[in-house]
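Asks: Could you have a look at this structure, given as structure tokens, before my questions?
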There are 4 protein chains.
Amino acid sequence: MTSPAPEDVFGEWHEKLERVRYSETDKMGIVYYANYLVWFEIGRTEFCRARGFSYRDFEENDESYLVVAETYCRYKAPAYYDDEILIRTHITELRRRSLRFGYEIVRASDGQIIAEGETGHVVTDASGRVRSFPEGFAQRLLAPPVIKSQSSGAIVPSETGPA
Amino acid sequence: MTSPAPEDVFGEWHEKLERVRYSETDKMGIVYYANYLVWFEIGRTEFCRARGFSYRDFEENDESYLVVAETYCRYKAPAYYDDEILIRTHITELRRRSLRFGYEIVRASDGQIIAEGETGHVVTDASGRVRSFPEGFAQRLLAPPVIKSQSSGAIVPSETGPA
Amino acid sequence: MTSPAPEDVFGEWHEKLERVRYSETDKMGIVYYANYLVWFEIGRTEFCRARGFSYRDFEENDESYLVVAETYCRYKAPAYYDDEILIRTHITELRRRSLRFGYEIVRASDGQIIAEGETGHVVTDASGRVRSFPEGFAQRLLAPPVIKSQSSGAIVPSETGPA
Amino acid sequence: MTSPAPEDVFGEWHEKLERVRYSETDKMGIVYYANYLVWFEIGRTEFCRARGFSYRDFEENDESYLVVAETYCRYKAPAYYDDEILIRTHITELRRRSLRFGYEIVRASDGQIIAEGETGHVVTDASGRVRSFPEGFAQRLLAPPVIKSQSSGAIVPSETGPA
């Protein structure tokens, strides 16, 4: 009753603008489907950075790794070479040894969501053994961003979260 | 009662052996997660070829495209540079305008399933409009293979299909 | 005697800041060598855009393509995940049916040149036949930039051009 | 007079057949130019394996790395999705701390050379410091192959080596 809905806790999206590379297209003339997972990874990295948390340092200093356990992506409209896209990232679940990110890929020119997805991760040590998140990890990730999202200037639809 | 179970209709897997490329690894020392979707695509191409059906001709002669609408992958164990992997592919659903493939990625050295996934596709024309499959498409895809799967020599576990 | 040295004509570099993606690394822990060619392509696209010239429109409206005929890259120091790199691009040769770009990849944190390279291109039509550049192409490419280079804030060494 | 010409010493090519992946194409409908460097890497790996020498073990057991210092590629004709290509690899130079590989990419259907290239490498330890090749390295690499090249069945032109 008094506890906030999950969207209230995890709901803040980070937004990162990228431009589609020629190398990301395929002979169909659109972005090859595996490259959306690369964009998701950029989204995660920037989500963390915006909260003052370097994923590179996480690996190098904490010897912790966010190993990918699961991915899902739904493709709703194609992306084309040189399009500006907005990678929107938020956390949808955070547990002691695992977390999930949700994503939206938005075409910056008109704000249309062209893909949405989710990735599930477990935290491991350098040898691949599952471990708990380092001390303070959750606080850092759930803290308000210290770096603002990039603005696309597009009409981004009000967020309802991935289905 | 008399109709065959889905596994009976669609269950025949195609197997294609590949070797992990250096370019497919990342700084974690294992295969980067988006590359599993590339392997799935190889699986689809070879599944079709084994049934006397060239996906390249499908695009070029029938002006039909299997656009990806959805992907799912569950990662169970890492793959390493120079590993031999077996890409196992079968059809899990076939409708008038869409189909789904299921996949298992198997480490050839010990037969362990290291990933499993699924992709959903719709058929479109060259302009991206959804259309029905060309005449005879279903028969060709569901026909017994004319080219045999590659054998890894590994103990591949009896198939239960992706969950 | 009176004609300007090549560097005077073609020498203006465009600079584009990029951040190294996780997907670009390999098991050696550094950026995989083929990805430098992807960065060169980003450099070309942005060099053109900075001169009010969209390479996408060039392909789509002029039905002209800058097909790659030759590439060269010298790797001087590694790039790491999450590094900021500056892609520096300029034209080193421009003829009626061909042109060459030169590149420097600079580590933004200290201004060190970590790679330098060159690509040679011929212009073709949609069917792959070599043709002359469209009317006005050279003027547009050699005009002063209308969009400024991104600044890295790094001490970028004074340019001497690739050897 | 009595010493063999370089081609006699280093000239034996290794041949590896690969099929062009959908992911390797771009919106021009042909293979994206950076992917030729990926094929070169496959060529190197297989060249070594054919001489009973595992590049993976080289990294893992000898803690030695063939770091890429230089690449060159000349593109003569496009490669298309689903084409069979033959990756031809040989050593063009071998010194105490460095070596060079030469490559030809041959279209298997008609034996046409569609690209040729070269890569230069230095050997380093795990920390990136240049070192000499491990004991016995040169003998292993220059020994006759113990695994035969794959045959494309194509008319492969008599080798003259890259210029």
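The values are calculated or read from the model by the stated rules, or taken from the named source; none is laboratory data. Computed from a prediction, not measured in an experiment: that's the story for all the values here. Ideal geometry is used to build each Cβ from the backbone, glycine not excepted, and the neighbour counts take in all protein chains shown.
Asks: Exactly one of these conditions fails for D:Tyr55: (1) more than 10 Å from chain C (Cβ to nearest Cβ); (2) under 15 Å from D:Thr119 (Cα atoms); (3) crowded, with 17+ Cβ neighbours inside 10 Å; (4) free of Cβ contacts under 8 Å to residues at least 40 places away in the same chain. Give me its number.
Replies: Going through the list (1) more than 10 Å from chain C (Cβ to nearest Cβ); (2) under 15 Å from D:Thr119 (Cα atoms); (3) crowded, with 17+ Cβ neighbours inside 10 Å; (4) free of Cβ contacts under 8 Å to residues at least 40 places away in the same chain, D:Tyr55 breaks only (2).
Asks: For the stretch A:70-94, what are the residues that are in contact (Cβ under 8 Å) with a residue 60 or more places away in the chain and among the polar types (S, T, N, Q)?
Replies: Across the stretch A:70-94, the qualifying residues are A:Thr89, A:Thr92.
Asks: One residue is enough: does the stretch C:110-117 have a residue meeting the conditions modelled with pLDDT of 95 or more, under 24 Å from C:Val31 (Cβ atoms) and surrounded by fewer than 13 Cβ atoms within 10 Å (Cβ to Cβ)?
Replies: yes
Asks: Just to be sure, is A:Gly128 within 16 Å of B:Tyr75 (Cβ to Cβ) and assigned to a loop (DSSP other than H, G, I, E, B)?
Replies: It is true that A:Gly128 is within 16 Å of B:Tyr75 (Cβ to Cβ) and assigned to a loop (DSSP other than H, G, I, E, B).
Asks: From C:Arg74, C:Arg88, grab the single residue that is over 12 Å from the mean Cα position of the chain (by Cα), in a strand (DSSP E or B) and more than 22 Å from A:Ala79 (Cβ to Cβ).
Replies: C:Arg74
Asks: Continuing with this model, one more query. Can you pull out every residue in the stretch A:19-38 that is more than 9 Å from chain B (Cβ to nearest Cβ) and either among the basic types (Lys, Arg) or within 23 Å of A:Thr119 (Cα to Cα) (or both)?
Replies: If the condition is that a residue be more than 9 Å from chain B (Cβ to nearest Cβ) and either among the basic types (Lys, Arg) or within 23 Å of A:Thr119 (Cα to Cα) (or both), then A:Arg19, A:Val20, A:Arg21, A:Glu24, A:Thr25, A:Val31 are the ones that fit.
Asks: Right, next: Step by step: first the residues of the stretch C:118-131, then only those that are under 18 Å from C:Phe40 (Cβ atoms) and in contact with an Asp or Glu (Cβ under 9 Å, 6 or more places away or on another chain), then the one that is surrounded by the most Cβ atoms within 10 Å (Cβ to Cβ). Which residue is that?
Replies: C:Thr119
Asks: Within the stretch D:136-153, is there a residue that is out of contact with any Asp or Glu (no Cβ under 6 Å at 6 or more places or on another chain), closer than 24 Å to D:Glu24 by Cβ, buried (at least 17 other Cβ atoms within 10 Å of the Cβ) and at pLDDT 95 or above?
Replies: No, every residue in the stretch D:136-153 fails to be out of contact with any Asp or Glu (no Cβ under 6 Å at 6 or more places or on another chain), closer than 24 Å to D:Glu24 by Cβ, buried (at least 17 other Cβ atoms within 10 Å of the Cβ) and at pLDDT 95 or above.
Asks: Mind telling me which of the residues C:Glu116, C:Glu84 ends up being under 30 Å from C:Ser132 (Cα atoms) and out of contact with any helix residue (DSSP H, G or I) (no Cβ under 6 Å at 6 or more places or on another chain)?
Replies: C:Glu116
Asks: Got at least one residue in the stretch D:5-12 being modelled with pLDDT of 95 or more and either buried (at least 21 other Cβ atoms within 10 Å of the Cβ) or out of contact with any strand residue (DSSP E or B) (no Cβ under 6 Å at 6 or more places or on another chain) (or both)?
Replies: no
Asks: Being at the interface with another protein chain (Cβ under 7 Å from one of its Cβ atoms) and either among the polar types (S, T, N, Q) or under 18 Å from D:Thr124 (Cα atoms) (or both) is the filter here; which residues of the stretch D:63-87 pass it?
Replies: D:Tyr65, D:Val68, D:Ala69, D:Glu70, D:Thr71
Asks: If only one of B:Glu60, B:Glu41 is surrounded by fewer than 17 Cβ atoms within 10 Å (Cβ to Cβ) and either modelled with pLDDT of 95 or more or within 14 Å of chain A (Cβ to nearest Cβ) (or both), which one is it? Before the answer, list the steps.
Replies: On the way: B:Glu41 fails: surrounded by fewer than 17 Cβ atoms within 10 Å (Cβ to Cβ).
From the options B:Glu60, B:Glu41, the qualifying one is B:Glu60.
Asks: Something else about it: For C:Glu93, work out the one condition from (1) surrounded by fewer than 21 Cβ atoms within 10 Å (Cβ to Cβ); (2) within 14 Å of chain D (Cβ to nearest Cβ); (3) outside any loop (DSSP other than H, G, I, E, B) it doesn't fulfil.
Replies: Checking C:Glu93 against (1) surrounded by fewer than 21 Cβ atoms within 10 Å (Cβ to Cβ); (2) within 14 Å of chain D (Cβ to nearest Cβ); (3) outside any loop (DSSP other than H, G, I, E, B), the one that fails is (2).
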